[in-house]
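A short write-up of the structure that comes next.
The values are calculated or read from the model by the stated rules, or taken from the named source; none is laboratory data. Because the structure is a prediction, the values reported are computed rather than measured. Every residue, glycine as well, gets a Cβ built from its backbone with ideal geometry; the counts of neighbours run over all protein chains shown.
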Amino acid sequence: MFGHGDFGRLTATVNGTWLSRAELQISPDTKRFGIAGEVIPFGFTLTGSLPWNRANFSLFYDGRADTWMQGVDVGTVIHYTGQYEDDNVSLTSAFGSFEPPKPQTPRSGPLPWRARKVREWITLDLITSYTFNLPPPASAEVPGLAKVGGKNIQVKEDKEKNVMPVSTAEYNPCGWRAWLNNTTISLGMQNVFDEDPPFVAGGVENGYDESLATIKGRFWYVQLKKRF
């Protein structure tokens, strides 16, 4: 890269969803109506609300191969949930009774049947990790052993027995190198800026949309993983 060899790998990823249409029919004798971009009340049969737009943006750096940096992995992830319609009038019970939205009229004065907007929610996650990939120790020839890896010794009854040496290229199964090799240490933080979830009037239980957001706020963690 830029005439200076390998600096490592930079990987960018974008995953997004745009919901064009979603319709609901309460019973066989009722008409279908659109629910795309709507809050789905608590206790309703659907699994969660249906915002029009959702996306994840990630950027990760992997260290240069064949160096100690090859075990480095550093990245950031941005989670985005776009605006969608709240439901502050049609909820009549905690069991989530749902009414079709009333037709909208020109924006003149307060309209109690028009649901308010739920603002977008953007959070940032950071993660860094290091994986130990230790090279095997250099092998050394054991004195008195042939290059084929064996030695003939005399045993009882004047018989010879070939003894195979223990390979010096293998790790001691109880040594620190064996435990450290292929071990990954990770440090991460979710919701770095401690963003509160947007208020949702239709979320009668806690005032936010539990199907899309969380109130746990900034959260950091340490992870240790060993691969055998």
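Which residue, of 210, 195, 205, is in a loop (DSSP other than H, G, I, E, B) and either of a type in the set (Val, Ile, Thr) or at pLDDT 90 or above (or both)?
195
Matching residues to (1) part of a strand (DSSP E or B); (2) in the same structural domain as residue 201 (by TED's automatic domain parsing); (3) closer than 17 Å to residue 200 by Cβ:
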residue	(1), (2), (3)
41	no, yes, yes
48	no, yes, yes
54	yes, yes, yes
58	yes, yes, no
65	no, yes, no
69	no, yes, no
75	yes, yes, no
78	yes, yes, no
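Specify the residue that is nearest to residue 182 (Cα to Cα); the eligible residues are those in the range 197-212 that are surrounded by fewer than 19 Cβ atoms within 10 Å (Cβ to Cβ) and of a type in the set (A, V, I, L, M, F, W, C).
Residue satisfying both the conditions and the ranking: 199.
Give the residues of the range 17-52 that are within 31 Å of the chain's Cα centre (by Cα) and farther than 19 Å from residue 209 by Cβ, sorted by residue number.
20, 21, 23
Please state which of the following conditions residue 18 fails to meet, knowing it meets all the rest: (1) out of contact with any Gly (no Cβ under 8 Å at 6 or more places or on another chain); (2) modelled with pLDDT under 95.
(2)
Please go through the range 32-71 and pick out each residue that is of a type in the set (Lys, Arg) and either without any contact (Cβ under 8 Å) to a residue 24 or more places away in the chain or in contact with a helix residue (DSSP H, G or I) (Cβ under 9 Å, 6 or more places away or on another chain) (or both).
32, 64
Of all the residues that make up the range 6-20, how many are out of contact with any strand residue (DSSP E or B) (no Cβ under 7 Å at 6 or more places or on another chain) and without any contact (Cβ under 8 Å) to a residue 40 or more places away in the chain?
Result for the range 6-20: 1.
Exactly one of (1) part of a loop (DSSP other than H, G, I, E, B); (2) in contact (Cβ under 8 Å) with a residue 12 or more places away in the chain; (3) over 16 Å from residue 122 (Cβ atoms) is unmet by residue 188. Its number?
The number of the failed condition is (1).
When you look at residue 89, is it surrounded by 15 or more Cβ atoms within 10 Å (Cβ to Cβ) and modelled with pLDDT of 85 or more, yes or no?
No: the conditions fail for residue 89.
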